[in-house]
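**Student:** One structure, pasted below without further comment.
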Amino acid sequence: LGLGEVEFVNRQTLEYFGRTREELLDWALIGAIHPDDLPRVIETRKKALVAGKSYDSVHRCRRADGVYRWFQVRAQPVRDAGGEITAWYLLLTDIDDRMKAEEALQASERNLSLTLNSISTHIGVCGPDGTILSVNQSALDYHGITFEDVQKEDFASRWFHADDIGRLTEELREALPRPQRFECEYRALGKDGKYRWFLVRYNPLIDDKGAIKRWYVF
């Protein structure tokens, strides 16, 4: 396969794979790497050998008991005085716990998004300065708009009552820097062309240093 012959592996690597160095010579053929990841790993390795450049790959490696765990594999070429590559050093770092934590977080965020979009109350998430980061489907449906419309600079002037914008701007300017809950009232334009009054509550998410990370708006 022209993927580079394994010359040396440390004890931890042999114990993880449950293989001898001789067996690991054929690492691409013995199931050491998850079959779904293997073609990508081979292609990455081949390109690196041709280009003579280091590479960084994330894939699953099969443990001696048959369990696959995620690893980050960094490969660095070693050159002699003439610039010729004499060997490749590979560092395998087990990142399975981190990957699973990230997957769990993504699943949690998806579930939260589904929950928020099923609630009839209008909900938004803003940055510390009040920049809108997300809104739920109920809010979008009320205005009859998309999230891209919300991100436009003229959103407030188009969808909030003109008589309320000046007062609302001043209230937000004073309240947003303070990590405290606050409320405001204004009229918002619905897709039916009518304005309705809303009571809007801002709740801060504060980090361990007391700084505002997000505003949750209901």
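The values are calculated or read from the model by the stated rules, or taken from the named source; none is laboratory data. A quick note: this is a predicted structure, and the numbers were derived from the prediction, not measured. Every residue, glycine as well, gets a Cβ built from its backbone with ideal geometry; the counts of neighbours run over all protein chains shown. Protein only, heavy atoms only, side chains kept; ligands, DNA and RNA dropped before computing areas. Shrake-Rupley method; radii C 1.70, N 1.55, O 1.52, S 1.80 Å.
**Student:** Does region 146-166 hold any residues that are more than 12 Å from Arg187 (Cα to Cα) and either open to solvent by 40 Å² or more (accessible area, probe 1.4 Å) or over 26 Å from the mean Cα position of the chain (by Cα) (or both), and which are they?
**Tutor:** Hits for region 146-166 are Thr146, Phe147, Glu148, Gln151, Lys152, Glu153, Asp154, Phe155, Gly166.
**Student:** Could you pull out every one of the helices (runs of 4 or more DSSP H) wholly within region 136-211 that has 3 or more residues that are under 16 Å from Thr121 (Cα atoms)?
**Tutor:** Ranges flagged: 137-143.
**Student:** Which pairs have Cβ atoms under 8 Å, sit 6 or more apart or on different chains, and link a residue in region 144-159 that is at pLDDT 85 or above to one that is aromatic (Phe, Trp, Tyr) and part of a helix (DSSP H, G or I)?
**Tutor:** Final answer for the pair search is Ile145/Trp159; Asp149/Phe155.
**Student:** Still on this model: Pairs only if they're at least six apart or on different chains, beta carbon under 9 angstrom, first in region 111-140 and under 18 Å from Arg181 (Cβ atoms) and among the acidic types (Asp, Glu), second assigned to a helix (DSSP H, G or I) and modelled with pLDDT under 90; list them, first residue then second.
**Tutor:** Here the result reads none, with nothing in region 111-140 linked to a residue that is assigned to a helix (DSSP H, G or I) and modelled with pLDDT under 90.
**Student:** Is there any pair with a first residue in region 174-189 that is more than 20 Å from Asp154 (Cα to Cα) and a second that is basic (Lys, Arg) whose Cβ atoms are under 6 Å apart and which are 6 or more apart or on different chains, and what are they?
**Tutor:** Going by the 6 Å Cβ cut-off, the qualifying pairs are Glu183/Arg201.
**Student:** State which residue pairs qualify: first residue within 13 Å of Val73 (Cβ to Cβ) and in contact (Cβ under 8 Å) with a residue 40 or more places away in the chain and inside region 26-53, second residue open to solvent by less than 30 Å² (accessible area, probe 1.4 Å) and assigned to a loop (DSSP other than H, G, I, E, B) in any location, beta carbons under 9 Å apart, and separation of 6 or more residues or different chains.
**Tutor:** Hits for this filter: Ile42/Leu3; Ile42/Ala28; Arg45/Leu3; Arg45/Ala28.
**Student:** What are the residues in region 58-82 that are over 28 Å from Gly18 (Cβ atoms) and not in a strand (DSSP E or B), if any?
**Tutor:** Hits for region 58-82 are Asp80, Ala81, Gly82.
**Student:** Among the residues that make up region 62-78, is at least one of them farther than 22 Å from Ile95 by Cβ and surrounded by 14 or more Cβ atoms within 10 Å (Cβ to Cβ)?
**Tutor:** Taking every residue of region 62-78 in turn, at least one turns out to be farther than 22 Å from Ile95 by Cβ and surrounded by 14 or more Cβ atoms within 10 Å (Cβ to Cβ).
**Student:** I'd like to check something: does region 83-93 contain any residue that is of a type in the set (A, V, I, L, M), open to solvent by 80 Å² or more (accessible area, probe 1.4 Å) and either in a strand (DSSP E or B) or at pLDDT 90 or above (or both)?
**Tutor:** There is at least one residue in region 83-93 that is of a type in the set (A, V, I, L, M), open to solvent by 80 Å² or more (accessible area, probe 1.4 Å) and either in a strand (DSSP E or B) or at pLDDT 90 or above (or both).
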